[in-house]
Amino acid sequence: MVAARAETAEKKTRLDLLENVRVAGGVIADLPDIANVGAIPDLRRQENDLKRQEADLLARYSDRHPAVVNVRAQLADIQRAIAAEATRLAADVKHDYDLASARQLAVEKTLRDVTGQTDLDAAKAITLRELERNAAVNRTMFEEFLQRAKVTEEQSTFEARDARIITPAQAPTGASSPKTAQITLASLALGVIVGVGGAYLIELLNAGFTTPRQVEEMLELPLLASVSRMETRDLTAEGVVMTMPEYPTVKPLSRFSEAFRSLRSAVQMSDVDNPPKVVAVTSAVPREGKSTIAMTMAASAAQSGLKTLLIDGDLRHPSASRYFESEKSPGLVDYLVSDVDLEQILIWSDKLRHWFLPSGSKTQNPPDLLASDRFKALIASLRERFDLVVIDTPPLGPVVDPLIISQIADKTVYVVRWASTAREMIAHSIERLAGCRKVAGVVFNYVVDAEARKYGRYASSYYYGGRHYKKYYSE
């Protein structure tokens with residue numbers, strides 16, 4: 001009885017340990033009594049091999065790769081098998097404890113019978129033992145009957161099969177699925193198609209001009225210059241932020257200054273026999289930077305030694321007058337409607353080294369003033385007095401002022417915001433001007449150099465358009 005109780009206590013201890021681990025959420029398969037029993041050691045080795053394969057595959061592929069997914073599926077199957085085996089072994093421990101408990105109870109009962117510790121009298125005890133013997137005999141006979149019935153059933157359903165091994169099965173040399181090479185090639189081809197299609201779609205959605213070829217083919221005009229977008233850090237020198245018209249004077253050897261020198265040279269080349277002296281600057285819509293281009297062009301010419309005059313011809317929104325802080329000073333309107341002396345309204349800029357004629361007072365009929373004979377006479381006199389006269393005009397899309405000024409000016413420079421303004425709008429606006437021969441060409445403004453490189457090395461550069469000058473200006 002002592003041995004039976006010791007065995008029961010040992011089984012109870014193992015069962016309590018399993019229950020404590022299960023309640024605490026631990027892994028039963030990690031217990032020494034479970035980890036080294038049954039098929040768990042082999043399953044653990046297979047699990048470690050699959051984990052190493054997974055680590056090797058993850059070092060070469062992503063976690064969505066078919067090989068990684070396959071190894072993880074196998075690893076999940078092994079882990080489920082380990083869990084099932086651990087559960088089965090835990091059930092065996094419970095079963096062993098139940099058997100030990102039953103054995104202890106039987107020993108205690110036998111001990112009580114031997115020592116006479118029973119509540120039954122002798123006659124009842126004899127009857128009980130006789131019944132127990134009969135029950136044991138009947139149980140044995142019943143088990144033999146069930147065994148024979150099972151054998152008989154198996155023999156009745158057995159069917160002899162005429163089969164023989166012709167060729168032993170060969171182990172596969174490679175995976176039958178997934179077909180990695182075919183999937184990779186198909187994915188590569190699909191990626192190329194989607195990438196090219198997406199790039200083409202983005203290019204179609206971009207309605208603005210981005211390359212000189214587009215300007216030449218659609219407008220039949222050359223690209224005179226390409227002005228990059230200037231950030232605040234680009235306009236900062238020694239801690240002081242300068243304006244763009246000041247840039248050619250402060251940094252005459254910069255690429256920005258070279259662009260305006262090339263612009264002036266291109267305008268002069270537009271008519272070699274009679275170099276333009278009166279140049280109008282316009283655009284299709286507002287906020288394309290035409291006023292800045294006009295002011296910087298005048299500053300660049302003055303820095304080159306030319307006697308230059310900048311006229312604020314935008315009588316509706318005088319941006320140049322605001323820049324020179326002369327929006328309230330008498331100017332062009334006052335000269336055209338009254339007898340103001342020209343010398344009284346001309347302003348000398350010490351900073352930019354050229355003359356400036358502000359727009360002057362407000363007026364309700366700018367087209368009539370610009371079309372007057374007095375304005376034509378003014379331009380004729382300024383043509384004789386200055387080497388270069390730059391007229392900042394309003395946008396051509398909303399108003400007709402640039403059309404009137406283009407009749408008086410020698411050439412018109414058309415400013416286009418790079419990759420922004422619709423091509424059809426620009427083409428329609430240029431058609432309204434007095435013939436393409438009056439238009440010197442197009443200037444790209446606000447060019448983002450990082451984005452322009454994708455269209456080619458010289459996609460937005462004025463150098464690219466140089467080979468087309470003879471086509472447009474030799475006639």
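The values are calculated or read from the model by the stated rules, or taken from the named source; none is laboratory data. Keep in mind that this is a model prediction, so the values were computed, not measured. Every residue, glycine as well, gets a Cβ built from its backbone with ideal geometry; the counts of neighbours run over all protein chains shown.
Some values worked out for this structure:
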quantity: Residue that is farthest from Thr296 (Cα to Cα) [pool: residues in region 215-266 that are of a type in the set (Lys, Arg) and in a loop (DSSP other than H, G, I, E, B)]; calculated: Arg233
quantity: Residue among Val227, Val194, Val281 that alone is under 18 Å from Val413 (Cα atoms) and within 28 Å of the chain's Cα centre (by Cα); calculated: Val227
quantity: Pair list, Cβ < 7 Å and 6+ apart or interchain, from region 244-269 residues that are buried (at least 16 other Cβ atoms within 10 Å of the Cβ) and of a type in the set (Val, Ile, Thr) to residues that are modelled with pLDDT of 90 or more and outside any helix (DSSP H, G or I); calculated: Thr249/Leu352; Val267/Leu224; Val267/Pro276; Val267/Val279; Val267/Lys411; Val267/Val413; Val267/Ala440
quantity: Condition check for Lys351: charged (D, E, K, R), assigned by TED's automatic domain parsing to the domain that holds Ala302 and under 28 Å from Ser429 (Cα atoms); calculated: no
quantity: Qualifying positions in region 338-379 - closer than 22 Å to Pro248 by Cβ and among the small types (Gly, Ala, Ser); calculated: Ser349
quantity: Restricting region 51-95 to residues that are of a type outside the set (D, E, K, R) and not in a helix (DSSP H, G or I), the residue that is farthest from Ala175 (Cα to Cα); calculated: Ser62
quantity: Pairs where the first residue, in region 100-125, is basic (Lys, Arg) and the second is at pLDDT 75 or above, C-beta under 9 Å, 6+ apart; calculated: Arg103/Ala4; Arg103/Glu7; Arg103/Thr8
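Yes/no matrix, rows are residues, columns are (1) in the same structural domain as Arg353 (by TED's automatic domain parsing); (2) under 27 Å from Met295 (Cβ atoms); (3) at pLDDT below 90; (4) not β-branched (Val, Ile, Thr):
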site: Gly197; (1), (2), (3), (4): no, no, yes, yes
site: Leu224; (1), (2), (3), (4): yes, yes, no, yes
site: Asp234; (1), (2), (3), (4): yes, yes, yes, yes
site: Pro245; (1), (2), (3), (4): yes, yes, no, yes
